[in-house]
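Remarks on the structure that follows.
The values are calculated or read from the model by the stated rules, or taken from the named source; none is laboratory data. Here the structure is a predicted model, which means the values were calculated and not measured. Please note: Cβ atoms are built from the backbone with ideal geometry, for glycine as well, and neighbour counts cover all protein chains shown.
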Amino acid sequence: MKAAHEIVLEDIQQKTMKGLISKILMASRIHYPDLGLLSVLSELGELDDAKREHVLETARIAHDDLNQRMNNDYSAAFDQACYRD
């Protein structure tokens, strides 16, 4: 019998997998393909587990860094606009 945290983790992973598959299918639409994404994912499949994990960790770090920089840029622009004379 699975523990509650194992069931929750499995549910989260299942939702994540479904979301990723949905994004892949959206990227393969004929009118608006995202060939860059599909190419990266295809190349990931050619790596062994350790190298794949390294690439995915790099992607997570880059994603978090970009979000942080965007949030900082938008909040600074918002602050300047609010306090203009």
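List of remarks:
- Qualifying residue in region 14-21 (condition: modelled with pLDDT under 95, surrounded by 11 or more Cβ atoms within 10 Å (Cβ to Cβ) and not assigned by TED's automatic domain parsing to the domain that holds residue 59): yes
- In region 44-64, the residues that are more than 10 Å from the chain's Cα centre (by Cα) and basic (Lys, Arg): 51, 52
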